[in-house]
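In what follows, a structure is listed as structure tokens, so that the remarks can point back to it.
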Amino acid sequence: MFMRINDLDRLFGTMSLLQKKLDNLNSDYGQSYGYKWEVEGNSPRTNLYKNGDNFEIYAEVPGIGKDDLNIKIQGNYLEITGTRNSDAPEGYKTHKIERGIGAFSRSFTLPADVDSSKVEATLKDGILYLTLPKSEAAKPKKITVS
């Protein structure tokens, strides 16, 4: 099957137009008509660790005060919610926003139940540190044979 040169030119022209549109996505980001190609929007990035009988979560929440954060835990379900407000000075016009603003929610199903009465939360330098002790029922118990 033979292709005409015009068909190839049209195909490459369309591919070039698509490439230009994709290249421009970055410059349009944050404007009301721009595209957002994020998986989690403005949700904080987190790390989950296991440290003996505790789980530890480190969540990036720069620019968010402790009054703007809510942490809920039930069994092995953890939810972190909050609000990130705009930091644009009064009267300024926004041209690009990469740091998300508005409400966010992040939830996790932990590998084991947590004792919610012993959870510790600390906010330092834009990082939320959570220490989540396992509940007694979730801890392994040694059984002696008689």
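The values are calculated or read from the model by the stated rules, or taken from the named source; none is laboratory data. Since this is a predicted model, take the numbers as computed values, not measurements. For neighbour counting, all protein chains shown are included, and Cβ atoms are generated from backbone atoms with ideal geometry for every residue, glycine included.
Residues that are surrounded by fewer than 12 Cβ atoms within 10 Å (Cβ to Cβ), assigned to a loop (DSSP other than H, G, I, E, B) and of a type in the set (Ser, Thr, Tyr) occur in the range 94-107; there is at least one.
Among the residues of the range 74-112, count how many are at positive phi and modelled with pLDDT under 85. Qualifying residue count, the range 74-112: 1. Each residue in the range 53-73 was checked for being surrounded by fewer than 11 Cβ atoms within 10 Å (Cβ to Cβ) and at pLDDT 90 or above, and 1 pass. Show the residue pairs that are 6+ apart or on different chains and have beta-carbon atoms under 7 Å apart, the first residue being within the range 98-115 and touching a residue at least 12 places away in the same chain (Cβ under 8 Å), the second being loosely packed, with under 15 Cβ neighbours inside 10 Å and assigned to a loop (DSSP other than H, G, I, E, B). Matching pairs, first to second residue: 100/41; 101/85; 101/86; 104/41; 113/75. The conditions are (1) touching a Phe, Trp or Tyr at 6+ places or on another chain (Cβ under 6 Å); (2) at positive phi, and residue 132 fails exactly one of them. Which is it? It is condition (2) that residue 132 fails. Among the residues of the range 110-130, the ones that are loosely packed, with under 15 Cβ neighbours inside 10 Å and closer than 18 Å to residue 52 by Cβ come to 4 in all. Under the condition of being under 18 Å from the mean Cα position of the chain (by Cα) and of a type in the set (Lys, Arg), the residues counted in the range 90-123 number 2. Across the range 134-146, a minimum of one residue is classified as under 19 Å from residue 52 (Cα atoms), at pLDDT 85 or above, not small (Gly, Ala, Ser) and not in a loop (DSSP other than H, G, I, E, B).
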